[in-house]
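The values are calculated or read from the model by the stated rules, or taken from the named source; none is laboratory data. This one's a predicted model, so the numbers in the text were calculated from it and none came from an experiment. Glycine gets a Cβ as well: all are built from the backbone with ideal geometry, and neighbour counts include every protein chain shown. The protein model used for the area step is the full one, side chains on, heavy atoms only, and it has no ligands, DNA or RNA in it. Shrake-Rupley method; radii C 1.70, N 1.55, O 1.52, S 1.80 Å.
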Amino acid sequence: MLVRPRKVLPTVLTICAALYALKDPEGAATIVKAAAHVITSASESLARFIHTINS
């Protein structure tokens, strides 16, 4: 039986993130804020790009 990387990788990353958060809650909070900022910026850029293409 083959393991599906798409399902395994997020699970492994989640476990690692949870373990890290237990060790260093402040550092984990900073990383979460940074990740949220990157995702927000990327979605805004994508929205602008799509708007530019459509107009």
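Summary table below
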read-out: Cα-based Rg and Dmax for the chain, where Dmax is the largest Cα-Cα distance (Å); value: 16.6, 49
read-out: Accessible area of the chain belonging to carbon and sulfur atoms, whole % at 1.4 Å probe; value: 72 percent
read-out: Helix 5-23 axis, angle to the chain major axis (alpha carbon atoms, nearest 10°); value: 70 degrees
read-out: Pairwise FRET efficiency - residue 21 versus residue 49, Cβ, R0 = 22 Å, nearest 0.05; value: 0.10
read-out: In degrees, nearest ten, helix 25-54 long axis to first principal axis of the chain (Cα); value: 30 degrees
read-out: CD proxy at 222 nm, helix term only [per DSSP H run n ≥ 4: -39500 (n - 2.57); per residue of the chain; nearest 500]; value: -31500 deg cm²/dmol
